[in-house]
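Please read the structure below before turning to the comments.
The values are calculated or read from the model by the stated rules, or taken from the named source; none is laboratory data. Everything numeric here is computed off the predicted structure, so don't read it as measured data. As a convention, Cβ positions derive from the backbone with ideal geometry for all residues, glycine included, and neighbour counts pool all protein chains shown.
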Amino acid sequence: MKVTFLGSGGSAVSERRACPSIMLDESTVFDLGPGALKNLRASHIQTEKIRKVFISHQHADHITDLIPFLWAIQIDGRQAPLEIYGPPGFKEIFTKLLECTSTTDGFFKFPLTISEIDFGAKLGNISTCRTSHSIPTLAFRVEENAKSFCYSADTIYCPAVIELAHDADLLIHEAT
């Protein structure tokens, strides 16, 4: 399990840090806060390898680079399918992001799937729970090759996150 921090700052980009974004094994990205795309480009990771993007919630510091990321991989000539997942209500927010950036229907030529994940749902080797935040927010746990990784965005003390992270090999807990 390889973890790459594309952003580890709080809710505002600083001179040296982007907002939250974490890549797992160069194929899965959790959140795309401002500055994440720049750091992804600087890492020289092949974006064609990215298969899934998970968005914890719709606050700007976790989602702002999503549309620029999609534009960038479209311009790069991406052909591989991409799946994007978010919490309940995400599809509507995604549609609004496309509208406010004048990204017309059919702009993306690669297969793109947008899905919502219910709190507590399991998607393959990924489990989720709801965090204690001001808007609906997901935390994620990935189990792979006898290793476990847990990522929780913005939350205060939350028993569900504690349970999700129990015995994880790595917990990344972001809260601003």
Mind counting the residues in segment 14-44 that are surrounded by 22 or more Cβ atoms within 10 Å (Cβ to Cβ), within 13 Å of the chain's Cα centre (by Cα) and of a type in the set (Gly, Ala, Ser)? 3
Quickly run through segment 142-153 and pick out the residues that are among the small types (Gly, Ala, Ser) and either assigned to a loop (DSSP other than H, G, I, E, B) or surrounded by 21 or more Cβ atoms within 10 Å (Cβ to Cβ) (or both). ALA146, SER152, ALA153
Check whether at least one residue in segment 69-78 is within 20 Å of HIS59 (Cα to Cα) and within 14 Å of the chain's Cα centre (by Cα), and report yes or no. yes
Tell me, please, whether a residue that is closer than 19 Å to PRO88 by Cα, in contact (Cβ under 8 Å) with a residue 12 or more places away in the chain and in a strand (DSSP E or B) can be found in segment 154-165. no
Test each condition in (1) under 12 Å from the mean Cα position of the chain (by Cα); (2) surrounded by fewer than 20 Cβ atoms within 10 Å (Cβ to Cβ) for SER11 and report the one that comes out false. (1)
Pairs returned, first residue in segment 77-106 that is at pLDDT 95 or above, second residue that is loosely packed, with under 13 Cβ neighbours inside 10 Å and part of a loop (DSSP other than H, G, I, E, B), beta-carbon separation under 6 angstrom, 6 or more apart or interchain, are PRO81/PRO111
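May I ask you to list the residues in segment 78-107 that are in a loop (DSSP other than H, G, I, E, B) and closer than 25 Å to PHE119 by Cβ?
Going through segment 78-107, the residues in a loop (DSSP other than H, G, I, E, B) turn out to be 78-81, 87-89, 101-107.
Answer for segment 78-107, where residues must be in a loop (DSSP other than H, G, I, E, B) and closer than 25 Å to PHE119 by Cβ: PRO87, PRO88, GLY89.
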Flag for ILE73 being in contact with a helix residue (DSSP H, G or I) (Cβ under 9 Å, 6 or more places away or on another chain) and in a helix (DSSP H, G or I): yes
Are there any pairs, at least 6 apart or on different chains, whose C-beta atoms fall under 9 Å, with the first in segment 107-124 and in contact (Cβ under 8 Å) with a residue 40 or more places away in the chain and within 23 Å of ILE75 (Cα to Cα) and the second among the charged types (D, E, K, R) and surrounded by 15 or more Cβ atoms within 10 Å (Cβ to Cβ), and if so, which? LEU112/GLU83
